[in-house]
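Structure record follows, encoded as structure tokens.
The values are calculated or read from the model by the stated rules, or taken from the named source; none is laboratory data. Just so it is clear, the model here is predicted, and its values are computed rather than measured. Cβ placement follows ideal geometry from the backbone for every residue including glycine, while neighbour counts extend to all protein chains displayed. Ligands, DNA and RNA are excluded from the accessible area calculation, which covers all protein heavy atoms including side chains. Shrake-Rupley method; radii C 1.70, N 1.55, O 1.52, S 1.80 Å.
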Amino acid sequence: MDRYCVFGNPIAHSKSPDIHAAFAAQTGQQLSYERRLAPLDGFAAAVQDFIAEGGKGANVTVPFKLEAVKVAQALTIRARAAGAVNTLHFTDEGIIGDNTDGVGLVADIVRNAGVPITGKRVLLLGAGGAARGVVLPILEYRPAQLVIANRTVATAEALVEQFAALGGEGVVSACGYAEIQGAYDIIINATSASLSAELPPVPASVFAPEALALDMMYGAQPTVFLQFAAQHGARLRDGLGMLVEQAAEAFSLWRGVQPETAAVLKALREQL
Ligand code: NDP
């Protein structure tokens, strides 16, 4: 049986084994998928051990996504653009590093929420690893505008420098929270503020009528950002759909079969 796993530290909370088991059952694929706690100073060795045991691929979560870039012998374009790897594929040609987080996010917005990105105004809050991974997949949908707002403006500006040429003239820009202007159709919270129940200091005016507010974090209760967005009339989405969609993309990469995500997302939601 082909073996896969997810590496992280901590890892006990990971929902990835449940998601991949559901995909395998649904598509009739024979595989196992386990959680692997890698030591903080032993990620590369843990990957090599898993390969020696016959592992075919792995997901990578906090705090190893940057280190996984170095472990990979080749990177996909989107992994290179993100500067982070969440999916490893162990092939005869070596270890391929991919990043499916960003495509997972846009799949959740476009397919699951039914909200088009093309021609829309998008506000991305945060410029850390998660934000960086979604810039290229968002630009592939040709938004009218992509504004990246971050507490440390220089980090957002560095992202704009990296991606400006791909967005078209004037499409991608950076600012601090105090400089955010206008209303947006899609507002994505890619900061880690929700982890400490903090609200990024966005003005209420950012929510256009019918706007979609998405927080990459998920949990049983809406985050403070989603509560704020609800008070200003936005449609809400948490990060659970992104989690399931990034897993579906990894599964498809490994197995060559695209799983259905709706039922898996529903089952996961009921377990929160
Ligand atoms: P990073 O540590 O790389 O980046 C954190 C970002 O949040 C930075 O832009 C930082 O700004 C900003 N930030 C932190 N605290 C605050 C605050 N109080 N107010 C405003 N901005 C703040 O984290 P990641 O990018 O890796 O992760 C971000 C979030 O995305 C996490 O909550 C994570 O759980 C979630 N995530 C969800 C996924 C999913 O599948 N649903 C996948 C990946 C991530 P500054 O630069 O100024 O420090």
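Quick look at the values:
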{"quantity": "³J(HN,Hα), Karplus 6.51/-1.76/1.60, whole Hz, each residue of the range 21-29, x for Gly, Pro", "calculated": "5, 5, 4, 5, 5, 5, 9, x, 8"}
{"quantity": "S16, S32, ranked by accessible area, largest first (probe 1.4 Å)", "calculated": "S32, S16"}
{"quantity": "Most mobile listed residue (L37, L243, L226) in the chain, GNM with C-alpha springs under 10 Å", "calculated": "L37"}
{"quantity": "Among beta bridges that DSSP assigns inside the range 1-108, antiparallel share in %, nearest 5", "calculated": "35 percent"}
{"quantity": "Accessible-area value, D2, 1.4 Å probe, nucleic acids and ligands omitted, Å²", "calculated": "50 Å²"}
{"quantity": "Estimated 222 nm signal from helices in the chain, with DSSP H stretches of n ≥ 4 weighted -39500 (n - 2.57), rounded to 500", "calculated": "-11000 deg cm²/dmol"}
{"quantity": "Choice from A82, A197, A250 showing the highest fluctuation, given a GNM over the chain with Cα pairs closer than 10 Å", "calculated": "A197"}
{"quantity": "Solvent-accessible area of R235 with every protein chain in place, 1.4 Å probe, in Å² to the nearest 10", "calculated": "110 Å²"}
{"quantity": "Net charge contributed by nearby residues that have their C-beta within less than 15 Å of R3 (K/R +1, D/E -1)", "calculated": "0"}
{"quantity": "Reciprocal of mean inverse Cα separation for the range 184-271 (Kirkwood radius, Å)", "calculated": "14.1 Å"}
{"quantity": "Apportionment of accessible area to carbon and sulfur, the chain, percent (1.4 Å)", "calculated": "53 percent"}
{"quantity": "Cα Rg over Rh - the chain, Kirkwood", "calculated": "0.97"}
{"quantity": "Amide H contacts of A208 (H built 1.01 Å from N, under 5 Å, at least 5 apart or other chain)", "calculated": "Y184"}
{"quantity": "Shape parameters for the range 47-134, alpha-carbon atoms, Rg then Dmax in Å", "calculated": "14.9, 48"}
{"quantity": "Beta bridges by DSSP in the chain, antiparallel share as percent, to the nearest 5", "calculated": "20 percent"}
{"quantity": "Using θ = phi - 60° and Karplus 6.51 cos²θ - 1.76 cosθ + 1.60, couplings along the range 182-194 (whole Hz; Gly, Pro as x)", "calculated": "x, 10, 10, 7, 9, 10, 10, 8, 10, 8, 9, 4, 4"}
{"quantity": "For the chain, built as a Gaussian network whose Cα springs stay under 10 Å, the top-fluctuating residue of S196, S173, S205", "calculated": "S196"}
{"quantity": "Per-selection Rg to Rh, the range 1-108 - Cα, Kirkwood hydrodynamic radius", "calculated": "0.94"}
{"quantity": "Accessible area of E198 in the full protein assembly, 1.4 Å probe (Å², nearest 10)", "calculated": "100 Å²"}
{"quantity": "Inter-part distance where the range 69-117 and the range 144-211 are each reduced to a Cα centre, Å", "calculated": "22 Å"}
{"quantity": "Ranking by accessible area, most exposed first, for R111, R121 with a 1.4 Å probe", "calculated": "R111, R121"}
{"quantity": "Angle in degrees between helix 43-52 and the longest Cα principal axis of the chain, rounded to the nearest 10", "calculated": "40 degrees"}
{"quantity": "Rounded to 5, percent antiparallel among DSSP beta bridges of the range 20-169", "calculated": "55 percent"}
{"quantity": "Whole-Å distance, taken between Cα centres, linking the range 122-138 and the range 240-266", "calculated": "20 Å"}
{"quantity": "Solvent exposure of the chain as accessible area per residue, Å², 1.4 Å probe", "calculated": "44 Å²"}
{"quantity": "Percentage, to the nearest whole number, of Cα pairs in the range 35-98 over 21 Å apart", "calculated": "13 percent"}
